[in-house]
Amino acid sequence: MKISVLFLVLFSLACSNDKDEIFEISSFYECNKDDIEIASELTGKWKWIESSCSFCINPKPIKADKLVVAQFNTDNTFLVMEDQEIISEGVWSIQETDDFFYVSLDPISAYLDGSIQICADQLISDARPWDGGAYLFDRED
């Protein structure tokens, strides 16, 4: 299953003609970390910069059209603000599946509606990894 997902992601990236594309889902699967590293890197503020859906009608990345900030606190709480208004809040936890860890939210939130992974100073929320749909955030603080 993981190999199929990875193949689809790599194939969709190879078919992209957009040279300005900075959103590379495959690199996130190479940034596998343990639960302590993820928790440490997650805390802080993250700003939404773009979203992507490789198998959608328009597969090119779409730049953020509003200010969306996700804040993850050390007490395992989070909130999501859209244009400085809180639109959701809840708790986060680190989950493990197969051979990697990811962040899970309760309740699931807009913009953070899937598994969350961190690579360098970027965070990806991927609700449907099989179709390439995801939100990309940059560290804000």
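The values are calculated or read from the model by the stated rules, or taken from the named source; none is laboratory data. These numbers were taken from a predicted model, which means no experiment stands behind them. In this analysis, Cβ positions are derived from the backbone assuming ideal geometry, glycine residues included, and neighbour counts consider all displayed protein chains. Ligands, DNA and RNA are stripped out before the accessible areas are found, and what is left, the full protein with its side chains, is counted by its heavy atoms. Shrake-Rupley method; radii C 1.70, N 1.55, O 1.52, S 1.80 Å.
Is it true that some residue in segment 92-106 is open to solvent by 50 Å² or more (accessible area, probe 1.4 Å), more than 12 Å from Trp46 (Cα to Cα), more than 16 Å from the chain's Cα centre (by Cα) and modelled with pLDDT of 90 or more?
no
State the number of residues belonging to segment 65-89 that are closer than 20 Å to Ser104 by Cβ, surrounded by fewer than 17 Cβ atoms within 10 Å (Cβ to Cβ) and of a type in the set (S, T, N, Q).
4
What is the residue count in segment 50-64 for residues that are under 15 Å from the mean Cα position of the chain (by Cα) and open to solvent by 40 Å² or more (accessible area, probe 1.4 Å)? Steps first, answer last, please.
Restricting attention to segment 50-64, the residues satisfying the condition of being under 15 Å from the mean Cα position of the chain (by Cα) are 50-54, 61-64.
Applying the additional criterion that residues be open to solvent by 40 Å² or more (accessible area, probe 1.4 Å) yields 62-63.
The number of residues fulfilling the criteria is 2.
What's the number of the only condition in (1) under 16 Å from the mean Cα position of the chain (by Cα); (2) at pLDDT 85 or above; (3) surrounded by 15 or more Cβ atoms within 10 Å (Cβ to Cβ) that Asp113 fails to meet?
Condition (2) is where Asp113 drops out.
Return yes or no: is Tyr135 more than 18 Å from Asp65 (Cα to Cα) and either at pLDDT 90 or above or open to solvent by 50 Å² or more (accessible area, probe 1.4 Å) (or both)?
Numbers: more than 18 Å from Asp65 (Cα to Cα): no; either at pLDDT 90 or above or open to solvent by 50 Å² or more (accessible area, probe 1.4 Å) (or both): yes.
No, not satisfied.
Can you tell me how many residues in segment 86-120 are acidic (Asp, Glu), assigned to a loop (DSSP other than H, G, I, E, B) and in contact (Cβ under 8 Å) with a residue 40 or more places away in the chain? Break it down into steps so the answer makes sense when it comes.
Step one: list which residues in segment 86-120 are acidic (Asp, Glu), which gives 89, 96, 98-99, 106, 113.
Retained after the next criterion (residues that are assigned to a loop (DSSP other than H, G, I, E, B)): 98-99, 113.
When the remaining residues are screened for being in contact (Cβ under 8 Å) with a residue 40 or more places away in the chain, the result is 98-99.
Number satisfying all stated conditions: 2.
If you take the residues of segment 120-132 that are closer than 20 Å to Ser93 by Cβ and modelled with pLDDT under 85, which of them is least open to solvent (accessible area, probe 1.4 Å)? Break it down stepwise before answering.
We begin by selecting, within segment 120-132, every residue closer than 20 Å to Ser93 by Cβ; these are 123-127, 129.
Now restrict to residues that are modelled with pLDDT under 85: 126-127, 129.
Numbers: Asp126: 8, Ala127: 32, Pro129: 35 Å².
By that ranking, first place goes to Asp126.
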